[in-house]
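These notes concern the structure reproduced below.
The values are calculated or read from the model by the stated rules, or taken from the named source; none is laboratory data. Being a predicted model, the structure only gives us computed values, none of them experimental. Positions of Cβ are backbone-derived with ideal geometry, glycine not excepted, and every protein chain shown enters the neighbour counts.
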Amino acid sequence: MSQIEEIRAFVTVVETGSLTQAGERLGIAVSAVSRRLKDLELRLGAPLIQRSTRRMYLNETGQRFFNRCRTILDELEAAQQEVQNTGGILSGVLRLNAPLSFGIMHIAPLITDFMKENPEVRIDIDLSDKRIDLIAEGFDLAIRIGTLQDSSLIAKKISTARQMPCASPDFIKKHGPINTAEDLNNVPGLVYANSRTPADWAYVTPDGKAGTVHVSQRLSATNGDVLRDAAIAGLGVVNLPTFLLFEAINDGTLIPLMVDHDWSELDIFAVYPKTTILPRRTRAFVDFMAWRFDKNPHWNQIKPKA
């Protein structure tokens, strides 16, 4: 067994905190991960990881060794990238995490075009609205929308989306005109459960006055497609990003409310772990997204039917 493979197994175990997850990331059996870790400790003549019935953790020697090994693997990746750069061909695996709805509607078509231009690149994409630990789960890149919380990641803003309350024509007809933000108070609301305050929607008027409306929570969901479709069916008012709403608004099945108000703007980021070198395929994909989405993406260009 090569020393590099032993080191790679050791670093992966530390990053994932689990032999099982390390095996899944490396594509080998758990027994093989355990054997590589044991061989490394025997060769070094020192234990690196303390094990208990519930968890694994580094001792002082292991922590120092891990820091050096992480650098070694980063330098190895850098050397490989230099060779690949001379050929000008992108290759390798890009593991990507993206929110479910945004991933299906906007990332999936982009991936298709990117892979046509770069046939040697393989992409593994995971679609989920849950925030994942990129390092622990072995992802190269993630798409995050809204406020960033993890300062251990590098972020590049690739686009924006506007929040916009909407309702169907039938709902507005049934519940009377909705001409001011205050008219939304206590109307049936279709709310995004992952929001900190799902039923409270903040806004700023054209003259700069800030306010909040409170809707009556009729339907709560962790997926925006469910809420949008419920709004189209006339079940209530929804307040979602334009990348989910623009088609329904433009075809007239949803009517935007108080479009002169600012219902907040959401930044869309590509985030990736801090490393000595960003793989060229990852950088190329981030730049491709930024170019395609631009500062004024198509989903913000709302043109409702008259």
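Laid out as a table, the results:
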item: Verdict on Arg122 being assigned by TED's automatic domain parsing to the domain that holds Ala248, basic (Lys, Arg), more than 23 Å from Trp299 (Cβ to Cβ) and in a loop (DSSP other than H, G, I, E, B); result: no
item: So Ile302, is it aliphatic (A, V, I, L, M), modelled with pLDDT under 90 and not in a strand (DSSP E or B); result: yes
item: Answer residue from region 169-210, given it is outside any loop (DSSP other than H, G, I, E, B) and in contact with a Ser or Thr (Cβ under 7 Å, 6 or more places away or on another chain) and is surrounded by the most Cβ atoms within 10 Å (Cβ to Cβ) among those; result: Gly189
item: Matching residues, region 247-274, being more than 21 Å from Ala290 (Cα to Cα) and either charged (D, E, K, R) or in contact with a helix residue (DSSP H, G or I) (Cβ under 7 Å, 6 or more places away or on another chain) (or both); result: Glu247, Ala248, Asp251, Thr253, Leu254, Ile255, Pro256, Met258, Asp260, His261, Asp262
item: Considering residues of region 125-150 that are among the basic types (Lys, Arg) and outside any strand (DSSP E or B) only, the residue surrounded by the fewest Cβ atoms within 10 Å (Cβ to Cβ); result: Lys130
item: Counted residues, region 244-293 - those being more than 20 Å from Pro169 (Cβ to Cβ), assigned to a helix (DSSP H, G or I) and either of a type in the set (Phe, Trp, Tyr) or in contact (Cβ under 8 Å) with a residue 40 or more places away in the chain (or both); result: 12
item: Matching entry among Leu244, Leu227 (being under 14 Å from Ala161 (Cβ atoms) and surrounded by 21 or more Cβ atoms within 10 Å (Cβ to Cβ)); result: Leu244
item: Failed item, numbered, when Thr112 is tested on (1) in a helix (DSSP H, G or I); (2) of a type outside the set (Phe, Trp, Tyr); (3) more than 22 Å from Arg292 (Cα to Cα); result: (3)
item: Search result, residues across region 217-246 that are in contact with a helix residue (DSSP H, G or I) (Cβ under 7 Å, 6 or more places away or on another chain) and among the hydrophobic types (A, V, I, L, M, F, W, C); result: Leu219, Ala221, Ile232, Val237, Val238, Leu240, Phe243, Leu244, Leu245, Phe246
item: Region 4-58 - residue that is part of a loop (DSSP other than H, G, I, E, B) and modelled with pLDDT of 85 or more and, of those, nearest to Val93 (Cα to Cα); result: Ile28
